[in-house]
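The structure under discussion appears below in the form of structure tokens.
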Amino acid sequence: MKVLIVEDEKTLAYEIGEFLKKAFYVCDLAHTYQEGAEKIALNKYDFILIDLGLPDGDGLDILRKAKKYNEEAAYIILTARGNLDDRITGLDLGADDYLSKPFYLLELQSRMHAIARRKFKLQDELLPLGAFRIDLPKRLILFDNTPIDLSRKEFDLLSYLLLHKNRVLTRMQLSEHIWGSYAIDENDSNYIDAHIKNIRKKLGVWANTEWLETVRGVGYRIKL
């Protein structure tokens, strides 16, 4: 999933970003209120992590603005403030969770997993996909109990489409998810199409993939 980390402590922001990248998140960093506000206005994110004590503004104001542009994102407040009023205000504004500094990165990841499970209504680690099943934590796709070899980007594409099943995702949205870039050029579009073609070819050996639909001129959808 795509994550924005709005944190003025550059070392901490980098550590969070590197940790989450190893867990297969795509991360953008912003170190000021202005940078955070600009990225939120231009990009769509699945998670936005917000430090309240920014040098040029209040993180709560970023949260207020972010809800207008990224309504579907999940928000976690990261702060050294111990003020109960700030915590209550953030939750009232729509934050999904609150972590006081210092915190363990594994705890942050665990809370993000819990939020994702609620957000996507995941009751089981194994998600059905036609004749297949996807194990998100282990990053496996299975036919019966046989694992099927997909590349990292192929798995990312397929799992992202599944989490947003029955919704058409544009090539731009898929490109942002895979490469973390807002802009999409012809090469990005071709890469998306090539990955989808490879997914269909690899899975089609085992069972039909009619659920993976091309929406002409727009993008792709998993219809279940």
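The values are calculated or read from the model by the stated rules, or taken from the named source; none is laboratory data. For clarity, every value in this text was computed on a predicted model and none was experimentally measured. A quick note on method: Cβ atoms are made from the backbone with ideal geometry, for glycine too, and the neighbour counts reach across all protein chains shown. What goes into the accessible areas is simple: the full protein's heavy atoms, side chains included, and nothing from ligands, DNA or RNA. Shrake-Rupley method; radii C 1.70, N 1.55, O 1.52, S 1.80 Å.
So here's what we get for this one:
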| read-out | value |
| --- | --- |
| Candidate set from the stretch 49-91 (those that are among the charged types (D, E, K, R) and part of a helix (DSSP H, G or I)); member that is most open to solvent (accessible area, probe 1.4 Å) | LYS68 |
| Residue list for the stretch 1-48, filter: in a loop (DSSP other than H, G, I, E, B), open to solvent by less than 30 Å² (accessible area, probe 1.4 Å) and in contact with a strand residue (DSSP E or B) (Cβ under 6 Å, 6 or more places away or on another chain) | GLU7, TYR25, TYR45, ASP46 |
| In the stretch 116-129, residue most open to solvent (accessible area, probe 1.4 Å) [restricted to those that are part of a loop (DSSP other than H, G, I, E, B) and either among the basic types (Lys, Arg) or in contact (Cβ under 8 Å) with a residue 40 or more places away in the chain (or both)] | LYS121 |
| Strands (runs of 3 or more DSSP E) wholly inside the stretch 130-178 that include at least 3 residues being aliphatic (A, V, I, L, M) and farther than 25 Å from ARG216 by Cβ | 140-143 |
| Subset tally (residues that are under 22 Å from VAL215 (Cβ atoms) and open to solvent by less than 60 Å² (accessible area, probe 1.4 Å)) for the stretch 151-172 | 15 |
